[in-house]
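The values are calculated or read from the model by the stated rules, or taken from the named source; none is laboratory data. Note that the structure is predicted; figures quoted are calculated from it, not measured. Cβ coordinates were reconstructed from backbone atoms using ideal geometry, including for glycine residues, and neighbour counts include every protein chain displayed.
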2 protein chains.
Amino acid sequence: MSLDNSGYSGLVLEKLSSSNIKVGDTLSIKKDDEEYVGVLMPRSQVGSDQFHVIIKLESGYNIGIKLDQGSEVNRIKAGKKKRTTPAEKEPDVKGLPTASILSTGGTIASKVDYRTGAVNPALSAQDLYDTVPELRNYSKVNAKVIMSVLSENIRPSDWTKIAHSVASEIKEGADGVVIAHGTDTLGFTSAALSFALQNLPVPVVLVGSQRSSDRPSSDAAMNLIGAITLATKADAAEVFILMHAETGDSYLHAHRGTRARKLHSSRRDAFQSVNDYPIFSVTGEEVKELRVPLLRRNKERKLTLKPKFEEKVALVKTNPGIEALTIDHLVETGYRGIVIEGTGLGHAPDRLQPSIKKAIDAGIVVAMTTQCLFGRVDMNVYRSGVELLDIGVIPCEDMIPETALVKLMWVLANTKDQETAKELLTKPLAGEIDMRSEESEYVKGLGGD
Amino acid sequence: MSLDNSGYSGLVLEKLSSSNIKVGDTLSIKKDDEEYVGVLMPRSQVGSDQFHVIIKLESGYNIGIKLDQGSEVNRIKAGKKKRTTPAEKEPDVKGLPTASILSTGGTIASKVDYRTGAVNPALSAQDLYDTVPELRNYSKVNAKVIMSVLSENIRPSDWTKIAHSVASEIKEGADGVVIAHGTDTLGFTSAALSFALQNLPVPVVLVGSQRSSDRPSSDAAMNLIGAITLATKADAAEVFILMHAETGDSYLHAHRGTRARKLHSSRRDAFQSVNDYPIFSVTGEEVKELRVPLLRRNKERKLTLKPKFEEKVALVKTNPGIEALTIDHLVETGYRGIVIEGTGLGHAPDRLQPSIKKAIDAGIVVAMTTQCLFGRVDMNVYRSGVELLDIGVIPCEDMIPETALVKLMWVLANTKDQETAKELLTKPLAGEIDMRSEESEYVKGLGGD
């Protein structure tokens with residue numbers, strides 16, 4: 001890592017420069033009779049003020065210290081490239097299970113991205129491993145950067161690439177695969193991998209972070225260590241999302257890859273299982289099974305790789321202003337599938353029905369989910385649902401809209417036939433549909449009273 | 001109400017017909033040494049089996065009884081039209097506050113809709129009042145049917161009609177207005193009325209039901225009574241949604257009209273406040289204030305009616321497969337506003353940026369919300385957010401996507417100027433935006449451990 005101090009500005013930059021301190025150097029800060037010693041971390045947040053400096057304490061925890069004119073800043077020693085060579089590392093990890101970490105980008109990999117003045121994916125998986133030296137007590141780690149993309153830019157073709165990379169790690173003997181990924185579309189990618197990687201022999205764990213690793217409150221290290229722990233220890237072989245279970249640093253939840261959703265824009269426990277419960281919790285080194293996984297770990301099992309996705313599938317959320325021309329336009333521009341995020345039990349305005357019928361008659365697969373997110377569609381209760389069923393709209397049961405979108409993309413890459421697509425879409429393949437999910441699988445606010 | 005028994009079929013119809021029992025008649029059912037006496041209720045569910053009969057017990061509770069060949073069914077007395085004339089009713093309600101009930105359709109008004117074999121809006125507000133005689137202990141009720149629409153078919157022009165009707169009831173002296181409405185788009189309508197009805201002198205309470213009133217588990221009566229209680233008793237003057245606070249029949253929550261969302265397709269407590277807490281709870285006749293309302297009740301206050309909405313505003317939910325042509329098409333077909341339901345803190349794929357810029361340059365207002373639903377957008381943290389801000393995308397803070405859509409429709413009906421629209425959109429008008437909402441306003445599942 002070539003680090004400089006360009007992430008800082010104003011007073012902080014002045015003080016750092018005058019002592020010739022660069023990011024990565026160990027420094028001491030004396031302020032108000034206190035002395036702090038640590039490694040200078042880069043700043044990557046847009047709008048960082050000019051007064052705070054971030055250092056990593058020996059404890060591994062990052063803190064922000066506000067400098068004033070009287071603060072004394074001294075360099076203790078220059079930073080050096082800490083990367084251990086495989087030769088040095090090998091003795092420590094002999095006999096430990098092997099986890100492959102595949103880095104795709106996102107906040108969890110955003111540490112050294114301070115030059116642009118905003119958080120960008122840049123950190124390699126090896127850098128992550130270097131950042132969290134404890135990892136080598138848990139597992140032998142093979143770290144690779146397979147792409148460097150903010151997750152809002154991840155496309156279905158990227159899912160294909162990731163699936164191939166996972167398959168290749170498994171082929172090479174990994175006991176578990178960890179994928180570091182931005183949280184924005186983590187739920188879409190986990191659903192995609194759940195369908196693309198069938199008959200998994202080992203677990204595949206997607207992990208992200210809600211606060212970048214140079215922020216004092218970062219969840220990156222704990223999530224990553226937890227992901228490696230789960231990947232190497234869990235007696236399961238399916239795709240999971242592992243993230244904080246609550247806002248503190250007490251424990252993590254592993255959600256089924258087809259059932260998790262980012263439900264909060266900033267909280268560390270943003271991910272929750274929808275119409276399902278978490279499958280494992282991870283507390284420190286302890287992995288606790290909360291629900292029976294779909295498959296047990298078995299390295300003899302042969303992976304079935306089905307990595308293709310049809311991109312021409314649209315997600316349409318109905319609302320009181322929606323016009324039929326929205327559907328017509330999808331038909332005209334070659335879409336092969338439409339997932340409607342309808343209201344309530346799976347309804348759409350009556351005025352869309354002629355266009356939906358035209359789409360289905362043209363061979364397009366139209367599926368219904370609910371924008372409520374929680375609960376299942378049941379199109380047999382009300383007239384408008386019954387009419388949509390008659391037209392040929394496919395009810396997606398308790399599948400969340402995002403998973404239904406990804407699954408239909410996957411289904412349409414695997415069959416050209418409308419009837420086969422319908423069957424595949426409604427058949428549970430990766431825990432994405434439960435014909436008997438219960439209303440108790442719901443989230444509730446504090447209520448305020 | 002002219003009631004017959006056509007909602008039943010098979011064995012039940014046979015037994016009812018042979019004793020000449022019609023819906024509305026009081027009957028006794030003897031089965032397995034038990035005798036049940038009650039009023040025959042209509043059946044309206046699609047797929048009702050042919051063996052269950054629904055009767056309303058004297059307690060007011062509906063139960064379903066499964067008949068078999070040996071069951072004995074007898075008519076005790078014929079149903080009669082129970083509607084009391086205003087002359088008969090007046091003495092009971094003298095001095096009580098007046099609530100206007102405006103019925104728009106939906107499940108809460110679906111009781112007599114059994115002829116079609118599915119639930120359709122049909123019941124008049126007066127029928128609702130007749131169904132729940134306890135109402136006259138609480139309030140004088142003026143009931144009107146203003147439309148009869150399943151809520152998935154409600155359009156912005158219907159919000160205008162409803163707003164006019166509410167204004168007219170307030171002008172005529174109502175102490176509170178209750179609107180019976182389907183739950184599917186109840187949150188959209190409540191947001192619309194929150195902007196259309198400014199400076200309210202009295203509360204406006206939207207209410208729905210998740211189970212139709214002829215089902216044993218119906219929440220219709222409790223919700224409606226609660227809505228009238230809130231409308232006449234609460235010391236507040238804003239738009240609320242009142243629904244069950246939990247699955248049992250213990251109490252109700254009044255959510256701010258701009259903050260509530262249907263988060264479950266079937267649970268009675270489907271509605272929850274997002275990025276906010278409920279404002280009142282209603283337990284029986286008791287109304288408890290949980291948060292300070294925006295305005296206190298004051299019948300001297302003069303309502304400002306701004307009932308217009310621009311229909312050409314689209315809601316676009318980003319996803320890994322979304323194409324720029326989706327945005328281009330909206331520009332080409334005359335849309336004036338676009339609300340993006342982006343990922344995370346308010347991001348959209350980079351590949352959409354040229355089209356979004358083209359839209360804004362063409363005078364279209366483009367606003368950003370988050371598909372996480374909970375939490376706020378903060379487009380200053382990551383590069384892709386910063387770039388969208390630079391293009392002119394408007395961050396909607398902690399406003400939920402549905403409310404942002406409705407508000408932009410309302411804003412664009414009130415101004416033609418892009419800059420004024422931007423100001424209005426981000427200025428809190430009805431509690432829809434809080435610059436300091438907290439992360440604690442979140443919902444959490446049981447977690448499974």
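Considering region A:261-281, the residues that are closer than 16 Å to residue B:378 by Cα and of a type in the set (Gly, Ala, Ser) include one that is nearest to the other protein chains (Cβ to nearest Cβ), namely A:265.
Only helices (runs of 4 or more DSSP H) whose full extent lies in region A:127-202 are considered here, and the ones with at least 1 residues that are more than 13 Å from every other protein chain (Cβ to nearest Cβ) and closer than 17 Å to residue A:220 by Cβ are A:135-138. Scan region B:224-235 for residues that are of a type in the set (A, V, I, L, M) and surrounded by fewer than 24 Cβ atoms within 10 Å (Cβ to Cβ) and jot them down. Within region B:224-235, just B:225 meets the criteria.
Assess whether residue A:418 counts as being touching a strand residue (DSSP E or B) at 6+ places or on another chain (Cβ under 9 Å) and modelled with pLDDT under 95. Before the answer, list the steps.
Details: touching a strand residue (DSSP E or B) at 6+ places or on another chain (Cβ under 9 Å): yes; modelled with pLDDT under 95: yes.
The answer is yes for residue A:418.
The residue that is farthest from the other protein chains (Cβ to nearest Cβ), among those in region B:228-247 that are hydroxyl-bearing (Ser, Thr, Tyr) and part of a helix (DSSP H, G or I), is B:232. The set of residues in region B:396-429 that are surrounded by 23 or more Cβ atoms within 10 Å (Cβ to Cβ) and outside any helix (DSSP H, G or I) comprises B:396, B:398, B:399, B:400. Just one residue in the set B:276, B:235, B:249 is acidic (Asp, Glu) and under 28 Å from residue B:370 (Cβ atoms); that residue is B:276.
Does residue B:360 satisfy being buried (at least 21 other Cβ atoms within 10 Å of the Cβ) and not assigned by TED's automatic domain parsing to the domain that holds residue B:163? Spelling it out, it is not the case that residue B:360 is buried (at least 21 other Cβ atoms within 10 Å of the Cβ) and not assigned by TED's automatic domain parsing to the domain that holds residue B:163. Selection of region A:392-403 for residues being under 18 Å from residue A:337 (Cα atoms) and at the interface with chain B (Cβ under 10 Å from one of its Cβ atoms) yields A:401, A:402. Taking residue B:420 as meeting all but one of (1) touching a residue at least 24 places away in the same chain (Cβ under 8 Å); (2) closer than 26 Å to residue B:329 by Cα, write down the number of the exception. Among (1) touching a residue at least 24 places away in the same chain (Cβ under 8 Å); (2) closer than 26 Å to residue B:329 by Cα, the lone unmet condition for residue B:420 is (1). In the set (1) closer than 19 Å to residue B:421 by Cβ; (2) in a loop (DSSP other than H, G, I, E, B); (3) without any contact (Cβ under 8 Å) to a residue 40 or more places away in the chain, residue B:308 fails one condition alone, (3). Checking each residue in region A:304-338 for being surrounded by fewer than 19 Cβ atoms within 10 Å (Cβ to Cβ) and more than 9 Å from chain B (Cβ to nearest Cβ) picks out A:304, A:305, A:306, A:308, A:324, A:328, A:331, A:332, A:334. Residues that are more than 30 Å from residue A:370 (Cβ to Cβ) and in contact with a Lys or Arg (Cβ under 9 Å, 6 or more places away or on another chain) within region B:142-162 are absent altogether. Residue A:294 fulfils the conditions (1) under 30 Å from residue A:393 (Cβ atoms); (2) within 12 Å of chain B (Cβ to nearest Cβ) except for a single criterion, (2).
Return the only residue of A:212, A:266, A:250 being part of a loop (DSSP other than H, G, I, E, B), surrounded by 21 or more Cβ atoms within 10 Å (Cβ to Cβ) and out of contact with any Phe, Trp or Tyr (no Cβ under 7 Å at 6 or more places or on another chain).
Details: A:266 fails: surrounded by 21 or more Cβ atoms within 10 Å (Cβ to Cβ); A:250 fails: surrounded by 21 or more Cβ atoms within 10 Å (Cβ to Cβ).
Step by step, each of A:212, A:266, A:250 is checked, and only A:212 is part of a loop (DSSP other than H, G, I, E, B), surrounded by 21 or more Cβ atoms within 10 Å (Cβ to Cβ) and out of contact with any Phe, Trp or Tyr (no Cβ under 7 Å at 6 or more places or on another chain).
So that you can scan it fast, the table gives a plain yes or no per residue for (1) more than 8 Å from chain B (Cβ to nearest Cβ); (2) closer than 26 Å to residue A:413 by Cβ; (3) among the acidic types (Asp, Glu); (4) in a helix (DSSP H, G or I):
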residue: A:340; (1), (2), (3), (4): yes, yes, no, no
residue: A:351; (1), (2), (3), (4): no, no, no, yes
residue: A:360; (1), (2), (3), (4): yes, yes, no, yes
residue: A:363; (1), (2), (3), (4): yes, yes, no, no
residue: A:378; (1), (2), (3), (4): no, no, yes, no
residue: A:390; (1), (2), (3), (4): yes, no, yes, yes
